[in-house]
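Here the structure is laid out as structure tokens; the discussion comes afterwards.
Nothing in this text is a laboratory measurement; each read-out follows from the coordinates by a stated rule. Worth saying up front: this structure is predicted, and the values here are computed from it rather than measured. Glycine also receives a Cβ, built like all others from the backbone with ideal geometry; neighbour counts cover every protein chain displayed.
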Amino acid sequence: MPPMHTQHPFSLLTPDTVLDALDSIGRSSDGRLLALNSYENRVYQAGMEDGPPLVAKFYRPARWTDAAILEEHAFVAALVEREIPVVPALNINGRTLHEYNGFRFSVFSKHGGRAPELDRTGTLEWMGRFLGRIHAVGALAPYQHRPSLDIQSFGVEPVEFLLAHDFIPLELVEVYRGVAALALDGVRRCFDRAGDVKILRLHGDCHVGNVLWTDAGPHFVDFDDSRMGPAIQDLWMLLSGERAEQTRQLGDLLAGYEDFYDFNPSELHLTEALRTLRLIHYSAWIARRWDDAAFPVAFPWFNTQRYWQDRILELREQIALMDEPPLHC
């Protein structure tokens, strides 16, 4: 396992720096600061001297360009204009992206909520309606500065990184290499079966943790992973359980979704392929962030043989699933 480096740029993001950054844009905190659950970026809830608390998001250095961040902000703002329940970056002094002491950050209103109860009648259909509206806007124009979800960046490159940087125990390297190659072959076959599917601007990471529910319904948060990709990417993570249960859940989602945007059934060939890419990408994401002191603390099992044995088993299961017929709608 490569050594952990302690001088990651985030090590310099002290509470005083966070408070001074807010003060630099005219938002003076009363000193109450709560770190929220986020590893990719650093996110804080800050009490304000005048008004309700705000949420400050400090972007991981060197991940996105300014243009890519602003493009995401513009997409979310376009959704807000159409009264779609998302959380936009606040425009303060004519800007949504700010800089202080080398850290780029944005500020958001605080929006509370609870996890959606997906097994409750009407929940998935309600969420499907809003996802259909999000995709209808996402299809209007492509991103220019954000990448697409593809096999190369979410599968091939992550595997190459893991194999090149000694994260996998030596005795499992060749096993992982072989299983990953078979898994990527399966992914390619799924994409071939799906054919030419449309790509559009997506939420990109639409799992239940990024959907908050109130009495007014769902609202979608954290578009940080927004990119171009097939519509099914924003749907499959909301499906769980046995095949029959997933089929029912998909039907509920699409009952609302197709009120606002047409769904191409060929994309269902991509469900397990996208799940496979996410599993591969997730391990490489941890590996690429290992020099951030928060990651060894949060993922202490990452450098264990058991972890990599489980990942190998997981990929073997995905290889079998990708050869099964897709869900139907």
State which residue pairs qualify: first residue closer than 30 Å to A231 by Cα and inside the range 271-299, second residue in a helix (DSSP H, G or I) and basic (K, R) in any location, beta carbons under 9 Å apart, and separation of 6 or more residues or different chains. A273/R188; A273/R189; L279/R311; I280/R311; S283/R311
Of the residues in the range 236-254, those that are part of a helix (DSSP H, G or I), touching a residue at least 60 places away in the same chain (Cβ under 8 Å) and either basic (K, R) or surrounded by fewer than 16 Cβ atoms within 10 Å (Cβ to Cβ) (or both) number 3
Identify all residues within the range 106-144 that are of a type outside the set (F, W, Y) and closer than 30 Å to G47 by Cβ; write none if there are none. S106, V107, S109, K110, H111, G112, G113, R114, A115, P116
Mind listing just one residue for me: the one in the range 156-191 that is small (G, A, S) and surrounded by fewer than 21 Cβ atoms within 10 Å (Cβ to Cβ) and, of those, farthest from E314 (Cα to Cα)? A164
Restricting the first residue to the range 23-46 and requiring it to be touching a residue at least 60 places away in the same chain (Cβ under 8 Å), which pairs with a second residue that is of a type in the set (D, E) meet a Cβ separation below 8 Å and a spacing of at least six or different chains? Y39/D292; E40/D224; N41/D224
Can F161 be described as touching a residue at least 12 places away in the same chain (Cβ under 8 Å) and under 14 Å from R278 (Cα atoms)? no
Among the residues listed as A298, A231, A294, the single one being within 19 Å of the chain's Cα centre (by Cα), among the small types (G, A, S) and surrounded by 19 or more Cβ atoms within 10 Å (Cβ to Cβ): A231
Quick one: in the range 255-294, of everything that is in contact with a Phe, Trp or Tyr (Cβ under 9 Å, 6 or more places away or on another chain) and outside any helix (DSSP H, G or I), which residue is farthest from G195 (Cα to Cα)? A293
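Does R63 count as of a type outside the set (G, A, S), out of contact with any strand residue (DSSP E or B) (no Cβ under 6 Å at 6 or more places or on another chain) and at negative phi? Lay out the reasoning, then the answer.
Numbers: of a type outside the set (G, A, S): yes; out of contact with any strand residue (DSSP E or B) (no Cβ under 6 Å at 6 or more places or on another chain): yes; at negative phi: yes.
The answer is yes for R63.
Residues of the range 301-329 being among the aromatic types (F, W, Y) and surrounded by 12 or more Cβ atoms within 10 Å (Cβ to Cβ), which ones?
Of the range 301-329, the ones among the aromatic types (F, W, Y) are 301-302, 307-308.
The answer is F302, Y307, W308.
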